[in-house]
Amino acid sequence: MPDLNAVAQALVAEGKGILAADESTPTIKKRFDSISIESTVANRRAYRELLFRTPGVADFISGVILFDETLRQEAADGTPFAKVLEDLGVIPGIKVDKGAKPLAGAPGEKITEGLDGLRERLREYHDLGARFTKWRAVITIASGDGLPTPNCIDANAEALARYAALSQEAGLVPIVEPEILMDGDHTIQQCLDVSEATLQSVFGALSRRHVVLEDMLLKPNMVISGASCPRQADVETVAAMTVRCLRRRVPAAVPGIVFLSGGQSNEKATAHLNAMNRPPAAVNPWQLSFSYGRALQEPPLSAWRGETANVEKAQGAFHHRARLNGAARYGKYSDAMEKQLIGTA
Ligand code: 13P
């Protein structure tokens, strides 16, 4: 049996975090639409190769979450992407859920699907070179409508736990991602309450399904004000309330917590992580790291614009963002660093 704890530890190695590049076909189309690029197989491959082959980025990126298509794809020189990453010392992972669908009998709420046939898919993903997996559950706060309901939280927690147990059975480290969406005008206190209730339900289900906590990672939202809340909590408050929530609800056996960016600006996503890790931050039992999608990819995507001539510039922008988040792992990120875009070498 592979040493899953060693893989989990490597994913949260000092100064490094995870790149989430597992956008489904509809989601990557949305990202490409924003730069007026057609979402073809060839363009998706070129873009992802640009990211993975950014010189020096493995200094800050421990693992990459891929989408099914990418794990089966090869770089332009014929090397499978999983091998490209492995050769750089970066661990390939795979999104295994089939997306969030309306939850029956629960208006406005969603359940993540994909458990049917998962055991067989996991075996195949392992054979293709994946060493960890991700499953994302989505929780909406809309207090006027009484959301989220315990029904939605518990149904998603159960699915996360069944997914995680299957992943570990297949020799893959599960990244358990219960995301409380930022959308809405809820306060940071409401986000704290819902985050706590969700994590409590998730860890209850993980325990009932015999998931080994040492062999998984948690990918939560930060505790943050709703995007349209008139009172936006500052960086220090977000950091303090996020850590408070996690200390109350995440067992010490979990090796690491890798946040999603969730629609925060690139700078905020880095600043929040930095504030949580800045000395003399409380000594926490788990590593606090990142698994960002948009907050790592927005700069390279807009620099690239689908042009081969822009690849180097896009790689520079990606390297810069990865380096800043790497610094935030030690609490060493600063405004001054933000401004100095250095080369890719
Ligand atoms: P964002 O960082 O863009 O929220 O994406 C992370 C992710 O993997 C969502 O499932």
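The numbers here are math on the coordinates, done by the rules we state, and not lab data. As the structure is a prediction and not an experimental result, all values here were calculated from the model. A quick note on method: Cβ atoms are made from the backbone with ideal geometry, for glycine too, and the neighbour counts reach across all protein chains shown.
Subtracting the Cα-Cα distance of S334 and A76 from their residue separation scaled by 0.36 nm leaves 89.2 nm. Annotation: peptides 268-280, 215-227, ranked by per-residue average of other Cβ atoms within 10 Å with the highest first, follow the order 215-227, 268-280. Note on R247 and N284: their simple-model spin labels are 1.1 nm apart, each label 7 Å out from Cα toward Cβ. Each Lys or Arg adds one and each Asp or Glu takes one away; over the other residues whose Cβ falls under 15 Å from the Cβ of P107, this sums to 0. Each of T25 and A106 was given a label point 7 Å from its Cα along the Cα-to-Cβ line. The distance between the two points is 2.8 nm. Protection proxy ranking, highest mean first, for peptides 52-62, 302-312: 52-62, 302-312, where packing is the per-residue count of other beta-carbon atoms within 10 Å, averaged. Legend: helices of the chain (whole DSSP H runs) are marked when their alpha-carbon atoms reach 18 angstrom or more along the helix axis and their mean Kyte-Doolittle hydropathy is at least 0.0; marked are 188-208, 235-249.
Counting Lys and Arg as +1 and Asp and Glu as -1 over every other residue whose Cβ lies under 12 Å from the Cβ of M241, the net charge comes to -1. Applying 0.36 nm per residue to the separation of S34 and S302 and subtracting their alpha-carbon distance, the gain on full extension is 95.6 nm. Here's how it looks for V173: its modeled amide H is under 5 Å from those of F132, T133, which are all 5 or more places away or on a different chain.
Peptide packing for 139-149, 174-184, 190-200 was compared via the average number of neighbouring C-beta atoms within 10 Å per residue; ordered from the highest value, the list is 174-184, 190-200, 139-149. Less than 5 angstrom separates the built amide H of L103 from those of E109, K110, I111, all sequence-distant by 5 or more or on a different chain. Panel order for H126, H186, by other beta carbons found within 10 Å of each beta carbon, from fewest to most: H126, H186. As a calculated quantity, the FRET efficiency between N43 and E169 at R0 = 35 Å, using C-beta atoms, amounts to about 0.45. Shape of the chain from its Cα gyration tensor (a ≥ b ≥ c, root eigenvalues): rounded if a/c is under 1.5, otherwise prolate when a/b > b/c, or oblate? It comes out rounded by the Cα gyration axes.
The GluC sites (Glu not before Pro) found in the range 67-135 that occupy coil by DSSP, while having at most 13 further C-beta atoms within 10 Å, are E113. Put a plus charge on the Cβ of each Lys and Arg, a minus charge on the Cβ of each Asp and Glu, and nothing anywhere else: the dipole of the range 86-201 about its Cα centre is then about 300 debye. Stretching the chain fully between L341 and Q232 yields a gain of 36.4 nm (0.36 nm per residue, less the alpha carbon separation). Between the residues A295, P92, T237, the greatest Cα displacement towards the positive end of the dipole of the chain, with unit charges on the Cβ of Lys, Arg, Asp and Glu, is found for T237.
Report summary: the helix-based calculation at 222 nm, which adds -39500 (n - 2.57) for every DSSP H run with n ≥ 4 and divides by the residues of the chain, gives -13500 deg cm²/dmol.
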